[in-house]
1. Please give the helices (runs of 4 or more DSSP H) falling wholly within region 147-256 in which 3 or more residues are more than 30 Å from Gly345 (Cβ to Cβ), touching a His at 6+ places or on another chain (Cβ under 9 Å) and in contact (Cβ under 8 Å) with a residue 24 or more places away in the chain.
2. Considering (1) closer than 30 Å to His150 by Cα; (2) β-branched (Val, Ile, Thr); (3) in a loop (DSSP other than H, G, I, E, B), say which one Ile45 fails and leave the rest.
3. Identify all residues within region 27-42 that are assigned to a loop (DSSP other than H, G, I, E, B) and more than 27 Å from Ser179 (Cβ to Cβ); write none if there are none.
4. How about region 417-466: which of its residues are touching a Ser or Thr at 6+ places or on another chain (Cβ under 6 Å), within 23 Å of Leu304 (Cβ to Cβ) and in a loop (DSSP other than H, G, I, E, B)?
5. Hey, among Ala64, Ala17, Ala86, Ala36, which residue is among the hydrophobic types (A, V, I, L, M, F, W, C) and closer than 27 Å to Gly153 by Cβ?
6. Here is a list: Arg85, Arg69. Which entry is in contact (Cβ under 8 Å) with a residue 12 or more places away in the chain and within 23 Å of the chain's Cα centre (by Cα)?
7. Quick one: Ile47 ticks every box in (1) crowded, with 17+ Cβ neighbours inside 10 Å; (2) closer than 27 Å to Ala225 by Cβ; (3) not hydroxyl-bearing (Ser, Thr, Tyr) except a single one, so which number is it?
8. Tell me whether region 345-363 contains one or more residues that are outside any helix (DSSP H, G or I) and under 19 Å from Arg207 (Cβ atoms).
Amino acid sequence: MKDPALLDLSEAADEIANGRLSSVEATNACLNRIEAWQPAVNAFISIDREGAFAQAAERDRELARGYRRGPLHGVPLAHKDLLLRAGRVTTAGSKIMRDTVADSTSSLLERLDDAGAVNLGTLHMSEFAAGPTGHNVHYGPCRNPYHRDHITGGSSSGSGAAVAARLIYGALGSDTGGSIRLPAANNGIVGMKATYGRITRHGAIARSWSLDHFGPMTRTARDCALMLQVVAGHDPRDATSSSRPVPDYLAAFSDTSLAGIRIGIPEEAILREIDPEIMATMEATIRTLESLGATTKTVQLPNLKLLLLTAETIIKSEAATMHRRWLATRPQHYASQVRLRLEVGFVIPATQYIDALRLRAHFTREFLDGTMGDIDMLHLPVMPFPVPTIADTDVEGDGGEAVAAMVGRVTTLTRPFNFLGVPALSVPAGFCTKGLPIGLQFIGHPFDEGLLLRIAHAFQSVTEFHRGVPEL
């Protein structure tokens, strides 16, 4: 057998279930790669080697007794350090929470535990999920495994890098303005921002209660569907959690034909703002989807800048509220740019915040009736330009307004869909001339994650972009 760490999540789960691979062997393979890669990419905040082996050994004993907890039994995973686990430190990528021990466990980690997953540690992230690049002054930058001078994207930076480098089989990330899709795109993996309410947020450190989404980050669409199946569904401990039934996301994967699928392509005004390399990748992807039977049509997008600015009002207001006590008592413990972004929320009038919340339903209805009215999926890039370097996006450095402007552009095609609450999937679609991944975004109707995953699976059945393995 090849190095077990190079298996996809679905393959590893099947090998463990059938007794051809033990959980201890899979865990050991991942930990060996972590030991080799961690100094280069800085993907982990904490590594629980002893605890992981103990869990893996217990999973193997359970299988030997004929007991399989669930579809992830014995599979090593790790997650963005934003999810509480009782008795463990959850840092949220910050100095402020570096010694904070949780007294409860998040619903998502409980669901993964119940499904049999093995936990290897906690993953790097932007401080308090406030940054789209992966910079972090407290823990150092997380580095792209394809080129260590380039960003991973944030704020789920460690999740993107660790899955791409084959350190773990899958991870959870959170997404308030692109924080799953950006690191997924920049690292050549699949990342799902599910519909608002589809995945519980109970026991997670919030960035913005109204816009936070969680979702899986994996190597393939099949892996993503498997993880989503485990974590999706109603949670009575989360007031925003949807009670809508969870479908079988893998049920339609046997059919790779896209006949009858209608895909929307944005009008030229949007496309003119996208880098030529990204556009060429998008055009090639469209041809592939059409060869599988899909039809395409040009659609008019809403005013994305208006949606982005309205979302910013909500994020800044809610984040300032959450951090009010720490900003008053420990302002020096924030990175300067993170603190400034939080403090802006204090000067936003309550009326403006309420207007932003009130307009959300109106803009969502307008988007679904207009842009999405005659299509099944909207097709967009994740980021409008190739993966930049860490130095070129360091807002704590000396780059001034030019750097701030570049970083501001990073989320222009992702944040509007947090505001609208619709599902959005990042799919590996190619590589730029520097050898860094390019990801494209599949956007669907509310609770239509299954269709997006089926389209992505069909695309991956005829392409190899998701098979790229970075070299150390």
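The values are calculated or read from the model by the stated rules, or taken from the named source; none is laboratory data. Keep in mind the model is a prediction, meaning the values are calculated, not measured. Every residue, glycine as well, gets a Cβ built from its backbone with ideal geometry; the counts of neighbours run over all protein chains shown. Calculation scope for accessible area: heavy atoms of the full protein, side chains included, ligands and nucleic acids excluded. Shrake-Rupley method; radii C 1.70, N 1.55, O 1.52, S 1.80 Å.
1. Here the list reads 221-231.
2. (3) is the only condition that Ile45 fails.
3. The answer is none; no residue qualifies.
4. Pro423, Pro446, Phe447
5. Numbers: Ala64 fails: closer than 27 Å to Gly153 by Cβ; Ala17 fails: closer than 27 Å to Gly153 by Cβ; Ala86 fails: closer than 27 Å to Gly153 by Cβ.
Checking each option against the conditions leaves just Ala36.
6. Working: Arg69 fails: within 23 Å of the chain's Cα centre (by Cα).
One residue alone meets the criteria, Arg85.
7. (2)
8. yes
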